[in-house]
Structure formats: structure tokens, C-alpha cells
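Okay, so here's the structure we're looking at.
A short reminder: the numbers here are calculations on the coordinates, not readings from a lab. Everything numeric in this text was worked out from a predicted model, so none of it was measured. Here Cβ is always computed from backbone atoms with ideal geometry, including for glycine, and neighbour counts include all displayed protein chains.
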Amino acid sequence: MNNSAANTGRVLWAGLRALLVLTVITGVLYPLAVTGVAQLVFPGKANGSEIKSEGRVVGSELIGQTYNLPLKDGEETAAPDLKWFQPRPSNGLGSNSVNTQYSIILSGATNRSGDNEDLIQWVKDAKAAVIKDNSVSGYTVKPSDVPADAVTSSGSGLDPHISPEYAKLQVHRVAEKNHLTVAQVDKLVADHTDGRILGFVGEPRVNVLQLNIALKELTKG
């Protein structure tokens, strides 16, 4: 009986020691080592790919954000501030959408099928808004000019990029609102258009936050 208890005690003590050692290795030393290497090799990515403007962090190049006017009394959804380039919709449109503010906690798609009546209506409403908002004096947006990413969200609903086509569609409106020439804003878009990765992976894209930071700098100049 005593031998059995002693053996049980040794087994429990051995298990406890293994737990403590593994906890220190995997729970303390390994995370510290990985964090240290990441900070040395690619600190920007390790810290969340932060984007700074005027000395302060204004967002991440990996997460989209909205550019809206202050919410007025009685409004459920704030109107877009049209002096800025606008991102693609975040998980649907309107007050019934899953995520209208690029909230990370709500990442995900609407899961509505292509023939869903609500989704179809959201896309129609979004297309009409894009045409209305971006048609300015001397420049009228045609329905055929509106790209898919202007009226649909990404799978995550957090895409920080838009297509070059959607960015160019907004050029005339942004130029008018900021008292710039179309050529100035068009060059801004061209300078902030990233090509395919390695020349063949993915699609050309424009990071909206980086583009708007450059726009802010241009208006200050």
C-alpha cells in the first residue's frame, strides 16, 4: 500500500515538473524568442503594419476604415465625407448590414447568396450612390463604369484596398472637393497603385488609407 502511494506520488511529481518546465518553455521562453526575432527582422509587420501620419498612428495597412461625416441626430448610418477616397463597402450596406464601420470583431461576410433580395437591393442602392456621389460638373459616371468592389464587400469585410478602377472613378469628385486639378489627383492614384505580387499573383490595388494620407499632404502643400 505504501509502495503504491509512493509510486503515485512520484508519477504526480514527475507530471507536475513536466508541466512546469513545458509551461516555462512554451508559455514564456518561446513567445519571447519569437517576439524578439520578429522585432529584429520585421518590426513593422510584427507591430501590426501600422501607418503613421504627422507622427501618430492612424491605422493599419491591413485593415480598412471609414471616412464619414460626423453622425447627425436621428441618423443610423453616417454619410461619407466625399472629400476623401472611399473604401469598398464593409459587409453589406445600409442599416441592416453586418458591419458598417470596419469593426474587426465583426470580420466576416454577409453569407447571403447572389439571388438574395436584400443583397440585390443593397448593390443597386450602392451603385446609385456611387454614380450620384462621383458625378460632378463635366464628368458623369455611367453605370457601366462602376466596378464590383465599389458595391460589394470583401470576404472579410475589412479589405483596406480598392481597385485602381474604383480609385480613378473617384478622382474627379476628390479633385473638385479639395480644389485640386484632376491631373494632380490622377497622379496621386497612379503613384499609390500597387501591381501584382511577383508580377502575377493577385490584382493591382490601391491602399485607401495611404492614398488619403497622401491626399492630405497634397492639400496642405
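In the chain, helices alone account for a calculated mean residue ellipticity at 222 nm of -13000 deg cm²/dmol, with every DSSP H run of four or more residues adding -39,500 (n - 2.57).
Summing +1 for each Lys or Arg and -1 for each Asp or Glu among the other residues whose beta-carbon sits under 14 angstrom from that of ASP191 gives 0.
Note: relative contact order over the chain, using C-alpha pairs below 8 Å and six or more positions apart, is 18 percent. The Cβ shell under 11 Å around ILE63 holds other residues with a net charge of -3, Lys and Arg each +1, Asp and Glu each -1.
What the phi angles of region 139-148 give under the Karplus curve with 6.51, -1.76 and 1.60, with θ = phi - 60°, is a coupling list of 8, 10, 7, 8, x, 6, 7, 7, x, 4 Hz, glycine and proline written as x.
Taking amide H atoms as placed 1.01 Å from N in the peptide plane, the amide H of ILE51 lies under 5 Å from those of VAL58, GLY59, SER60, GLU61, each 5 or more residues away in sequence or on another chain.
Across the chain, the longest piece that holds none of the GluC sites (Glu not before Pro) lying in DSSP loops with up to 14 other C-beta atoms within 10 Å covers 77-221. Ranking LEU12, LEU198, ILE162 by Cα position along the charge dipole of the chain, where only Lys, Arg, Asp and Glu carry charges on their C-beta atoms, puts LEU12 farthest toward the positive end.
Distance from the C-alpha centroid of region 33-88 to that of region 173-193: 21 Å, rounded to the whole angstrom. Length gained on full extension, VAL11 to THR23, computed as 0.36 nm times the residue gap minus the Cα-Cα distance: 2.5 nm. Distant-in-sequence amide contacts of SER154, defined by a placed amide H-H separation under 5 Å and a gap of 5 or more residues or a different chain, comprise ASN91, ASP159. Working note: Karplus 6.51/-1.76/1.60 with θ = phi - 60° gives region 58-64 the couplings 10, x, 10, 6, 9, 10, x Hz, where Gly and Pro are set to x.
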